[in-house]
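One structure, pasted below without further comment.
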Amino acid sequence: MSREQLLEMFPFPMVIDNTMREAWWSCPHSFFRSHIQGLRKSQLDEHLQPVVGKSIDLVFGGVLASGLEATKVAYAVEGLSPIQALTKGGEHVIKKWAAEGPLPAPMSRGQEAKTLEGCLMAHHGYFGEWPLDDPMQQLALVNGHPMVEFSGARPIPGCFHPVTGEQLVYAGRFDAVLDRFGVLFGLDDKSTGSYVDSDNWRSQWRLRGQFTGYCWLAQGYGMKMNQFLVHGIQVLKTKCHYAEALVDRANWKIERWLRQLQSDVLQMMESYLAFIQHNLGEVLAQAHPFGQSFGHACNAYNRSCQFLEDICDTQVPDLERFVVERWNPLERTND
Amino acid sequence: MQRTDIIEDETEAQIALADARLDVANGKPVTPDRYRALILSIQRGRESRAKHLSTVTKAKAKATKAASALTMDQMQDMFRASAAQDESN
């Protein structure tokens, strides 16, 4: 394969986000397959065309997030009353669920709870726990626009594309920014099947890079943000539980995170240049520049990695099972 | 009787939801009253389900306990049978 073909088939991303960085840390080879080669596991539809399978968890999370956003916008931008905004959000949930089409059969008890009914109840209960008119839940306004569900991007200092030399950017998508009496708090909603009202659940967010990255992005837009809230929604078959976690992001934490991000991106580029230079075929006869972790990442959350069966656990990878569909952090996927 | 109530509540919730989905698909807006009624109906269905699950779990636990508990007489019979077996060997 010529160098030009290699660069075309394996482009280094221009935009890095937290999903990519976490994938890189959990297994560099999975990062390479997903975010450089752009592979997504597919299955054949009724016309025998390869399509990327749907995940109940992702559909549920996406529809719920979309409903929460619609409700917050209806209240804060359109000026509807809380019950009118809730009704509009509920209607939005029903529409979005229908647009998703048929979903695969649930594979666990947790997934059994992730139905349209469950989504409507999680949405409704959310605003019972954190009411729209609660002074502590008010959205921050920038130039009159409420800070809800928006994408932000910022150049990563000292990081340039290994082939084109263009500036690389870091991107993220906020759920919301709250204004609590002049102090800005980032907000992220997390739905899960596990228990949320515990120290364990809260402490998992203390160093979560996703939120540190959001604070750094917000600072790029001139917003001083050093606190982050996580709204946890535990979805069960017959009820939902809610809990809030508050974590701080002092400037030193943000700076430390940024230094790590820069170092990670430089390492990704180093591996990428080695890959392009050595022009490796698909047979993994030597260690791949994007190494395989051979550990927890192969079966994280009791689910096999999408590359386990056809790439990593086979002598000659079978790429027929995949479609090329690259993740773009700046694209909205839940509209 | 309990089971019939559950089926009724859950079925009512399913019907209310199906109606709402049909109306939304046809572009008919949901009113706040309709939304409240829908949420209440789903809530009732879920509460009935929870009650039913609790009853079933309790009944199962009771049955398991009853099956595993041996009376003193039954235990003595078991020991005697075991001792007789040892002697004959």
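Among the residues of segment B:38-47, write down those that are more than 9 Å from chain A (Cβ to nearest Cβ) and surrounded by 14 or more Cβ atoms within 10 Å (Cβ to Cβ).
B:S41, B:R44
Taking into account only those residues within segment A:289-303 that are under 15 Å from A:F31 (Cα atoms) and in a loop (DSSP other than H, G, I, E, B), which is farthest from the chain's Cα centre (by Cα)?
A:P289
If the requirement is being more than 14 Å from chain B (Cβ to nearest Cβ) and either aliphatic (A, V, I, L, M) or over 22 Å from B:N26 (Cβ atoms) (or both), which of these qualifies: A:A105, A:A85, A:A70?
A:A105
Determine if segment A:81-103 includes at least one residue that is more than 30 Å from A:Q227 (Cα to Cα), at pLDDT below 95, over 21 Å from the mean Cα position of the chain (by Cα) and not in a helix (DSSP H, G or I).
Checked segment A:81-103: at least one residue is more than 30 Å from A:Q227 (Cα to Cα), at pLDDT below 95, over 21 Å from the mean Cα position of the chain (by Cα) and not in a helix (DSSP H, G or I).
A follow-up question, please. Would you please name the residue that is nearest to the chain's Cα centre (by Cα), looking only at residues in segment B:16-37 that are facing another protein chain (nearest Cβ under 7 Å) and surrounded by 15 or more Cβ atoms within 10 Å (Cβ to Cβ)?
B:L17
Now, a different point. Across segment A:11-53, what is the total count of residues that are at pLDDT 85 or above and either part of a helix (DSSP H, G or I) or at positive phi (or both)?
Residues meeting the conditions: 19.
Which condition number does A:E149 fail, the rest of (1) surrounded by 21 or more Cβ atoms within 10 Å (Cβ to Cβ); (2) touching a Lys or Arg at 6+ places or on another chain (Cβ under 9 Å) being met?
The failed condition is (1).
Additional query: For segment A:277-299, which residues satisfy the criterion of being modelled with pLDDT of 90 or more and loosely packed, with under 15 Cβ neighbours inside 10 Å?
A:G291, A:F294, A:G295, A:H296, A:N299
The values are calculated or read from the model by the stated rules, or taken from the named source; none is laboratory data. Just so it is clear, the structure is predicted and the values come from calculations on it, not from any experiment. Backbone-built Cβ (ideal geometry, glycine too); neighbour counts: all protein chains shown.
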